[in-house]
């Protein structure tokens, strides 16, 4: 049975998955790129940017890359919140096409949750569908588009939290980054005891982050 999965969701020690005041120049707000410093040296990220051939791995980053590349295995569609697609106000800019250029890394249908739907946008192998829908309805549409593969819930943290609160997440991979942000978009608020239905495995890597994976246990 296809799963709804979350991967590579980096959070600070105080639970923030993005900083305050995001903008076009600072997608993660005041956090800058600190939450993603573990990811940038991996072969998975480098292949996306064209700096390194896919499959070529620096031994120093192998453990992080093992987690990073799972995000792309067996995925047939993605759901993302409006804040992952663009900075505040992008809905009023008809020329805004996301952060990723002409060849986004998704290579699948992507469902962008927004209160201002617009026609689909195709860039390379990725088609963005802009929809206004609650989590369960959006997930149903994404599973239909995924054609039997899994669906990735790509973030940001507020969007992931909504799907978690509805009990719709089958696998959650959180990357605990040893920094304190103090403000921003929090992952865990309102989710007390959420983990009780999940098996939890953690791994701390040479980069200093801890990968925590929650997998739903059979009921």
> Can you tell me which residues in the range 100-111 are part of a loop (DSSP other than H, G, I, E, B) and either within 17 Å of the chain's Cα centre (by Cα) or buried (at least 19 other Cβ atoms within 10 Å of the Cβ) (or both)?
Replying inline: 100, 104, 105, 106, 107, 108
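Could you identify the single residue in 209, 177, 200 that is touching a helix residue (DSSP H, G or I) at 6+ places or on another chain (Cβ under 6 Å), modelled with pLDDT of 95 or more and over 20 Å from residue 80 (Cβ atoms)?
Values: 209 fails: touching a helix residue (DSSP H, G or I) at 6+ places or on another chain (Cβ under 6 Å); 200 fails: touching a helix residue (DSSP H, G or I) at 6+ places or on another chain (Cβ under 6 Å).
Going through 209, 177, 200 in turn, the sole match is 177.
Can you tell me which residue within the range 197-219, out of those that are surrounded by fewer than 17 Cβ atoms within 10 Å (Cβ to Cβ) and under 24 Å from residue 134 (Cβ atoms), is farthest from the chain's Cα centre (by Cα)? If you could, list the steps in order and put the result at the bottom.
Initially, the range 197-219 is screened for residues surrounded by fewer than 17 Cβ atoms within 10 Å (Cβ to Cβ), giving 197-204, 206, 208, 210, 215-219.
The next check asks that each one be under 24 Å from residue 134 (Cβ atoms); those that pass are 197-198, 216, 219.
Working: 197: 21, 198: 19, 216: 18, 219: 26 Å.
Per the stated criteria, the residue is 219.
The values are calculated or read from the model by the stated rules, or taken from the named source; none is laboratory data. Computed from a predicted structure; not experimentally measured. Cβ: placed from backbone, ideal geometry, glycine included. Neighbour counts: every protein chain shown.
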